[in-house]
1. Please find, within the range 124-150, the residue that is nearest to the chain's Cα centre (by Cα) out of those that are assigned to a helix (DSSP H, G or I) and loosely packed, with under 14 Cβ neighbours inside 10 Å.
2. For the range 8-27, check the following and say yes or no: at least one residue is modelled with pLDDT under 95 and surrounded by 19 or more Cβ atoms within 10 Å (Cβ to Cβ).
3. Consider only pairs whose beta carbons are under 7 Å apart and that are at least six residues apart or on different chains; among these, list those whose first residue lies in the range 15-40 and is under 26 Å from LEU140 (Cβ atoms) and touching a residue at least 24 places away in the same chain (Cβ under 8 Å) and whose second residue is basic (Lys, Arg) and surrounded by 11 or more Cβ atoms within 10 Å (Cβ to Cβ).
4. Filter the range 3-52 down to residues that are in a helix (DSSP H, G or I) and within 19 Å of ARG159 (Cβ to Cβ) and give me whichever is farthest from the chain's Cα centre (by Cα).
5. Please tell me if LEU111 is among the aliphatic types (A, V, I, L, M), in contact (Cβ under 8 Å) with a residue 40 or more places away in the chain, surrounded by 14 or more Cβ atoms within 10 Å (Cβ to Cβ) and not in a loop (DSSP other than H, G, I, E, B).
6. Which one of these does ILE155 not meet: (1) touching a Lys or Arg at 6+ places or on another chain (Cβ under 7 Å); (2) over 30 Å from GLY26 (Cβ atoms)?
7. Looking at the range 121-138, I want the residues that are on the phi > 0 side of the Ramachandran plot and have a partner that is in a loop (DSSP other than H, G, I, E, B) and β-branched (Val, Ile, Thr) with Cβ atoms under 8 Å, at least 6 apart or on another chain. Which pairs are those?
8. Which one of SER176, SER95 is small (Gly, Ala, Ser), in a loop (DSSP other than H, G, I, E, B) and either farther than 23 Å from ASP37 by Cβ or modelled with pLDDT under 95 (or both)?
Amino acid sequence: MDSYTIRVFGDPVLRKIAEDVKSIDGDLVSTCQRMLDAMYQAPGIGLAAPQVGISKRFFVYDYGNGPQVLINPVIQESDGEWEFEEGCLSVPGLSWNIIRPKTILITGYDLDGNDIAIEADELESRLYQHEMDHLDGKLLLEYLDNEQKLEAKKILRKRIMDEEQSPIAGLSGFSSDS
């Protein structure tokens with residue numbers, strides 16, 4: 001079973017609001033394993049379903065305690081501010097200092113259908129918030145000021161044009177990097 005290809009900036013699935021997962025079954029478990037494989041290959045610490053073309057509300061992650069899945073997550077509380085350099089597997093090779101809430105309480109379900117509640121701080125909190133953004137059709141670029149956004153879009157458009165002119169050396173090399 002192959003891992004998924006990570007979708008990059010410009011793919012319309014990244015801008016859609018994902019739908020709730022209605023049932024947890026063997027297909028979802030298999031999908032999560034393929035997503036984890038793609039995430040580890042990238043490498044990354046989190047990967048949301050829309051990033052592999054699946055418009056459903058779940059993500060996989062590994063924050064040092066082994067592979068995990070969070071289904072239909074909801075951020076219940078957030079507090080404080082924390083600025084940190086943040087990148088994205090769907091916007092490869094680019095990163096910016098982004099301010100996000102420092103702490104959150106996030107709830108959801110695991111692959112066994114059990115309720116999960118996680119209190120997270122700093123990087124772990126950022127991981128969950130970043131993946132939640134993907135489920136809401138939001139990319140990292142939306143946190144940038146106008147100047148940063150223009151520069152980022154210029155770089156990304158150039159990559160897309162390079163890909164169209166030379167598919168062998170273009171974005172296919174970026175689809176699961178960084």
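1. GLU142
2. Scanning the range 8-27 turns up at least one residue that is modelled with pLDDT under 95 and surrounded by 19 or more Cβ atoms within 10 Å (Cβ to Cβ).
3. So the pair list comes out as ALA18/LYS56; ALA18/ARG57; GLU19/LYS56; GLU19/ARG57; ASP20/ARG57; VAL21/LYS56; VAL21/ARG57.
4. Top of the filtered list is PRO12.
5. The answer is no for LEU111.
6. Of everything listed in (1) touching a Lys or Arg at 6+ places or on another chain (Cβ under 7 Å); (2) over 30 Å from GLY26 (Cβ atoms), ILE155 misses just condition (1).
7. Close Cβ pairs (under 8 Å, with a partner that is in a loop (DSSP other than H, G, I, E, B) and β-branched (Val, Ile, Thr)) amount to GLY137/ILE17.
8. Only one candidate qualifies: SER176.
The values are calculated or read from the model by the stated rules, or taken from the named source; none is laboratory data. What you see is a predicted model; the values in this text were computed from it and never measured. Here Cβ is always computed from backbone atoms with ideal geometry, including for glycine, and neighbour counts include all displayed protein chains.
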